[in-house]
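A.B. asks: Quick one: structure below, then a few questions.
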Amino acid sequence: MTRDDTDDSDDSSTEFDTPALLSDGGTAAGEDDVALDPWGSATVSDYRKLFEEFGIEEFDGVLPSVPNPHYLMRRGVIFGNRGYRRVAEAMRNGEPFAALSGFMPTGEPHIGHKLVFDELIWHQQQGGDTYGLIADLEAHSARGLSWAEIDQHSRDYLLSLLALGFDAEEGTLYRQSENRELQDLSFELGSKANFSEFQSIYGFDGETNVSHVQSVVTQMADILYPQLDEPKPTVIPVGPDQDPHVRLARDLAVRMRFFGVTKAYASFELDEEERELVAELYRTLDPADFDDDSLRCVHVAQALDGMTPDELGVDAETVASAKAKLDEAGMEPVRPRVRFLDRNATEEAFDALIGAIDGEKRVFDEHIDAFDLTREEAEELAREVEMENDGYGFIMPSSIYHRFMTGLTGGKMSSSVPASHISLMDDPEDGYDKVKSATTGGRETAELQREKGGKADECPVYELYAYLLSGDDDEFATKVYEECVGGERLCGGCKEQAAELMKEFLEEHQEKREEAEELLEELDIQLKSSRR
Ligand code: TRP
Ligand code: SF4
């Protein structure tokens, strides 16, 4: 999948740094897989690979531009993003933005889901238009749950989301199966994707059931749903397993656009690397050095002749292909311009765009070159004309990624292994017991622990403190960490404290769940599916 020109994600990602309070040794025992599979059970053992192999950007790169960052951001639990800068900017400038995430109702909501609930609620409190959806179609088609089971679990997710503070009057909650507008959008998006793409992204094959395929298109619609009324920066808070969905949705957002906007230097098309090369030469060559004081394509080609790919910092192939194109264009002057490419525009929209471009322009069959517009002006104009002509004008959705919690028994936290997780509906005493019997990063003996300190970075109990039990109190989280690694804290007492806090949290949460029952009944959301 290519990064498109309308990709407004920033490219200012910095070198990998160990995030505050959580090092990347924070996941359990040596699994080495980085496959991102939305329906698999893979864990992520090395978050660095997600940056290198999948192009997820580090959250640290955008953190300074986030106003009052959430503690999950400050502590490095939220470690990655795609294009979040744009959302942060909207937040800072008081402009509209949205947040959306979805929950597959396949079991009880647990403390891992709480991360996403909290992320949504935080964005809502920052002024975002916030959506929480129940992915019931996905649960039915990809996991085979019955509608009765789905109804039960959906209720449980919604109650916890409300209990944690989601404002249902300000925000939107929906079930995929009940949302007709969503279905319509999903149908439109489906026309821009094909099956072989699904094969390569998701490993679908001839045995994949068709409704499962449909549920993916539905998720694409979920992700773009907040933009149905008007385009706005949107963040999708999820675990990194959902990244394939995010990438596809970002692609589809672009494919739906009427016009693409790129920069060009002459009448012909350059690919991204060629364009950068020509841009660089345009910046450095002096027109005064050439015949009639103007820089022509052949001149740039000649300049390329005198330099090695190494000097230019690009591969030989790019140099050769750029040179061939420049030679072919001969005496055509090199002049920077923005180019509007016709992707899905109707004829009326294309004509409307021509009319709307100020200044010098040149109209071709499938594109228009404009000489007096900046790239930003051009992007804005393209979106305006699209919207005036019944297009959606989607902005590429952004995402943020949180680390998976380690299971209390080590390994993956899994809904199907009760001892590995704490359900938000667990009896508080059971929650207490689970913490008490959790694996730790402690040493074999107390003496050794005092001498060498505990391994907080590998400790599921420390994760509980960092992800949940410390709440907004960074000082407390830091204190636990430092006392642990400094050997002042021993696991027995540490677990006792965590278990107490967990019990209190569960008691309080469950009270709030009860209070939320009433709210839930008032919501405009079908609690009992009419499906069978
Ligand atoms: N596929 C997600 C999961 O497995 C659920 C989901 C559906 C979702 N639609 C979404 C997540 C839109 C984020 C955004 O949990
Ligand atoms: Fe984990 Fe606490 Fe033991 Fe440190 S002292 S290893 S944080 S249980």
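A.B. asks: Just one of Arg3, Arg82, Arg75, Arg48 is at pLDDT 60 or above and surrounded by fewer than 20 Cβ atoms within 10 Å (Cβ to Cβ); which is it? Give the derivation first.
C.D. replies: Working: Arg3 fails: at pLDDT 60 or above; Arg82 fails: surrounded by fewer than 20 Cβ atoms within 10 Å (Cβ to Cβ); Arg75 fails: surrounded by fewer than 20 Cβ atoms within 10 Å (Cβ to Cβ).
The unique qualifying residue is Arg48.
A.B. asks: Check Ser146, Ser154 and return the single one that is on the phi < 0 side of the Ramachandran plot and out of contact with any Phe, Trp or Tyr (no Cβ under 9 Å at 6 or more places or on another chain). Before the answer, list the steps.
C.D. replies: Working: Ser154 fails: out of contact with any Phe, Trp or Tyr (no Cβ under 9 Å at 6 or more places or on another chain).
The match here is Ser146.
A.B. asks: Filter region 400-459 down to the residues that are polar (S, T, N, Q) and part of a loop (DSSP other than H, G, I, E, B), then identify the one that is farthest from the chain's Cα centre (by Cα). Explain how you work it out, then say what you get.
C.D. replies: The first filter runs over region 400-459 and keeps only residues polar (S, T, N, Q), leaving 406, 409, 414-416, 420, 423, 437, 439-440, 445, 449.
Subset that is part of a loop (DSSP other than H, G, I, E, B): 409, 414-416, 437, 439-440, 445.
Values: Thr409: 29, Ser414: 22, Ser415: 23, Ser416: 26, Ser437: 34, Thr439: 31, Thr440: 31, Thr445: 43 Å.
Filtering region 400-459 for residues that are polar (S, T, N, Q) and part of a loop (DSSP other than H, G, I, E, B), the one farthest from the chain's Cα centre (by Cα) comes out as Thr445.
A.B. asks: While we're on this one: I'd like to check which strands (runs of 3 or more DSSP E) are fully inside region 75-144 and have at least 3 residues that are more than 22 Å from Ile56 (Cα to Cα).
C.D. replies: Answer list for region 75-144: 129-134.
A.B. asks: Inspect region 479-487 for any residue being among the basic types (Lys, Arg) and either open to solvent by 70 Å² or more (accessible area, probe 1.4 Å) or near ligand 2 (Cβ under 8 Å from one of its atoms) (or both) and give the result as yes or no.
C.D. replies: Step one: filter region 479-487 for residues among the basic types (Lys, Arg), giving 479.
This time we only want the ones that are either open to solvent by 70 Å² or more (accessible area, probe 1.4 Å) or near ligand 2 (Cβ under 8 Å from one of its atoms) (or both), so: 479.
Looking through region 479-487, at least one residue is among the basic types (Lys, Arg) and either open to solvent by 70 Å² or more (accessible area, probe 1.4 Å) or near ligand 2 (Cβ under 8 Å from one of its atoms) (or both).
A.B. asks: Can you name the residue in region 451-476 that is farther than 16 Å from Val435 by Cβ and touching a helix residue (DSSP H, G or I) at 6+ places or on another chain (Cβ under 6 Å) and, of all such residues, is least open to solvent (accessible area, probe 1.4 Å)?
C.D. replies: Gly453
A.B. asks: Can you give me the ranges of the helices (runs of 4 or more DSSP H) entirely in region 290-359 with at least 1 residues that are under 36 Å from the mean Cα position of the chain (by Cα) and surrounded by fewer than 19 Cβ atoms within 10 Å (Cβ to Cβ)?
C.D. replies: Working: elements: 297-305, 309-312, 316-329, 347-356.
By residue number, 309-312, 316-329, 347-356.
A.B. asks: State yes or no: is Ile201 farther than 30 Å from Leu373 by Cβ, out of contact with any Asp or Glu (no Cβ under 7 Å at 6 or more places or on another chain) and part of a strand (DSSP E or B)? First the steps, then the outcome.
C.D. replies: Working: farther than 30 Å from Leu373 by Cβ: yes; out of contact with any Asp or Glu (no Cβ under 7 Å at 6 or more places or on another chain): yes; part of a strand (DSSP E or B): no.
Considered against the rule, which asks whether it is farther than 30 Å from Leu373 by Cβ, out of contact with any Asp or Glu (no Cβ under 7 Å at 6 or more places or on another chain) and part of a strand (DSSP E or B), Ile201 comes out as no.
A.B. asks: Let me ask another. Can you tell me which of Leu464, Leu448, Leu468 is more than 11 Å from ligand 2 (Cβ to nearest atom), within 13 Å of Val77 (Cα to Cα) and of a type outside the set (S, T, N, Q)? Quick ask: steps written out before the conclusion?
C.D. replies: Working: Leu464 fails: more than 11 Å from ligand 2 (Cβ to nearest atom); Leu448 fails: within 13 Å of Val77 (Cα to Cα).
One residue alone meets the criteria, Leu468.
A.B. asks: Among the residues of region 94-111, write down those that are of a type outside the set (A, V, I, L, M, F, W, C) and under 17 Å from the mean Cα position of the chain (by Cα). Steps first, please.
C.D. replies: Pass one, region 94-111, residues of a type outside the set (A, V, I, L, M, F, W, C): 94-96, 101-102, 105-110.
Ser101, Gly102, listed by residue number.
The values are calculated or read from the model by the stated rules, or taken from the named source; none is laboratory data. In this text the structure is predicted, and so the values were computed from the model without any measurement. No Cβ is skipped: glycine too gets one built from the backbone with ideal geometry, and neighbour counts run over all protein chains shown. Protein only, heavy atoms only, side chains kept; ligands, DNA and RNA dropped before computing areas. Shrake-Rupley method; radii C 1.70, N 1.55, O 1.52, S 1.80 Å.
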